[in-house]
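The values are calculated or read from the model by the stated rules, or taken from the named source; none is laboratory data. The structure displayed is predicted, hence computed values, not measured ones. For neighbour counting, all protein chains shown are included, and Cβ atoms are generated from backbone atoms with ideal geometry for every residue, glycine included. These accessible areas exclude ligands, DNA and RNA; they are computed on the full protein's heavy atoms, side chains included. Shrake-Rupley method; radii C 1.70, N 1.55, O 1.52, S 1.80 Å.
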Amino acid sequence: MSNDLLRLTQFVSVEQLDAHAVMQLIHRAQAFKAGSPAPELTQPVYCTNLFFENSTRTHTSFEMAERKLGLMVIPFDVQHSSVNKGETLYDTELTLGALGIDLSIVRHSQNDYYDELIHLQPHQTLQMGIINAGDGSGQHPSQSLLDMMTIYEQFGTFTGLKVLIVGDLTNSRVARSNMELLTKLGAQVYFAGPQTWYDETEFSQYGQYVAIDEVIDQIDVLMLLRVQHERHQPGAQSSFDADQYHAQYGLNQARYDRLKEQAIVMHPGPINRGVEWADELVETPKSRYTTQMQNGVYMRMAMLEAVMRGRQLGGLS
Ligand code: CP
């Protein structure tokens, strides 16, 4: 059985995964969800969660996954760390590695922050598994994989599925990771939302830019994105009108009623209720919002296990 399991030494981007690897992770996460026990660890594995950006879902579900796998979770509070005395990310990780940390789960505002941690210079000695919990507007592999698991649970395939991603595309690491995995898996991706948040050069390689009302009755998955005010240019906030956004691009009752019977609605969270998604529609039957969060724990177990096996931690191979 363990021959079918994925092994990675680092897990920083969905670019590392082909369709087979994604399906290995989905099947492993589904097995954990169905009650498969965590693999037995014969030696302790120490991990820490470094969140330089705010998080509720990703941080807590990684910690839940770590505890379900029997890892020793060492608390790390960025606000009270020597990062605030100017210590670099590299030196922080070098320190944690020297203390005995085997795995570091990192969220950081800088795109590709992980490059300096995994592509080492000849004089550098850092030995640690890095798992990316989101880098700026770059990648969000664990969110993307839990999204793929949620879609697969619903449809049992990706081939030919029509997935519409709506909203703040340019600033979204979720959109970037998802458009890449969805196309690798055979789904058809569409984009909608304000044109200022759509970069034709980047996104048109993955899917067509459409008007939400022209396709809403034909899609299988509606993926709403959070409007990420914190990543917008200073001053942009004053010109943003939440009601106008909701009317033009949000999921309201009229659009919900036009969705196909089997269609599902997803959102990575946190939601701006009444902006991307009408408050009263968040917990309706087509919503997979809480399922996504539940699946996140099992998918993160599968991801952590893949790196533990890849690094032969805890006696796993
Ligand atoms: N989806 C997501 O990354 O949520 P958090 O920012 O709460 O982790």
> For the stretch 85-131, what number results from the quotient of the Cα radius of gyration and 2.2 N^0.38 Å?
Replying inline: 1.09
> Which length gain, in nm to one decimal place, applies between MET64 and TYR209 when the Cα-Cα distance is subtracted from 0.36 nm times their residue separation?
Replying inline: 48.5 nm
> Quick one, what does Rg over Rh come out to for the stretch 38-114 if you take C-alpha atoms and the Kirkwood Rh?
Replying inline: 0.97
> Which value in deg cm²/dmol, rounded to the nearest 500, describes the helix-derived mean residue ellipticity at 222 nm for the chain, given -39,500 (n - 2.57) per DSSP H run of n ≥ 4 and division by the residue count?
Replying inline: -11000 deg cm²/dmol
> Considering lysine pairs in the chain that are 8 or more places apart or on different chains, how many have Cα atoms under 28 Å apart?
Replying inline: 11
> What percent do you get for the relative contact order of the stretch 100-219 when only Cα pairs under 8 Å and 6+ apart count?
Replying inline: 21
> If the chain were replaced by its equivalent ellipsoid, with semi-axes equal to the square roots of 5 times the Cα gyration tensor eigenvalues, what would those be, largest first, whole Å?
Replying inline: 34, 23, 17
> Which whole-number percent is the relative contact order of the stretch 165-317 (Cα, under 8 Å, 6+ apart)?
Replying inline: 22
> Applying 1/(1 + (r/R0)^6) with R0 = 35 Å to the Cβ-Cβ distance of ASP199 and THR42, what FRET efficiency is obtained, to the nearest 0.05?
Replying inline: 0.10
> So, by mean Cβ neighbours within 10 angstrom, what's the order for 184-193, 302-311, 286-295 with the highest one leading?
Replying inline: 302-311, 184-193, 286-295
> Taking amide H positions as placed 1.01 Å from N in the peptide plane, with prolines and chain starts having none, which residues 5 or more places from SER109, or on another chain, fall under 5 Å of its amide H?
Replying inline: GLY136
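If I take every Cα pair under 8 Å that is 6 or more residues apart in the chain, average their sequence separation and divide by the length, what percent do I get for the relative contact order?
Computed value for the chain: 24 percent relative contact order.
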> Arranged from highest to lowest average of other beta-carbon atoms within 10 Å per residue, in what order do the peptides 164-170, 146-152, 255-261, 89-95 appear?
Replying inline: 146-152, 164-170, 89-95, 255-261
> Taking +1 at the Cβ of each Lys and Arg and -1 at the Cβ of each Asp and Glu, which of SER287, MET303, ALA247 sits farthest along the dipole of the stretch 223-304 towards its positive end, judged by Cα position relative to the Cα centre?
Replying inline: MET303
> For the stretch 231-278, what is the Kirkwood hydrodynamic radius in Å, using each pair of distinct C-alpha atoms?
Replying inline: 12.3
>> How far apart, in nanometres, would the label points at THR9 and MET23 be if each is projected 7 angstrom from Cα along the Cα-to-Cβ direction?
In response: 2.8
> At GLN294 and ALA242, where each label point lies 7 Å from the Cα along Cα→Cβ, what is the point-to-point distance in nanometres?
Replying inline: 2.9
> Which number comes out as Rg/Rh for the stretch 226-317 once both Rg and the Kirkwood Rh are worked out on C-alpha atoms?
Replying inline: 1.16
> Using a 1.4 angstrom probe with every protein chain in place, what is the largest-first accessible-area order of TRP277, TRP197?
Replying inline: TRP197, TRP277
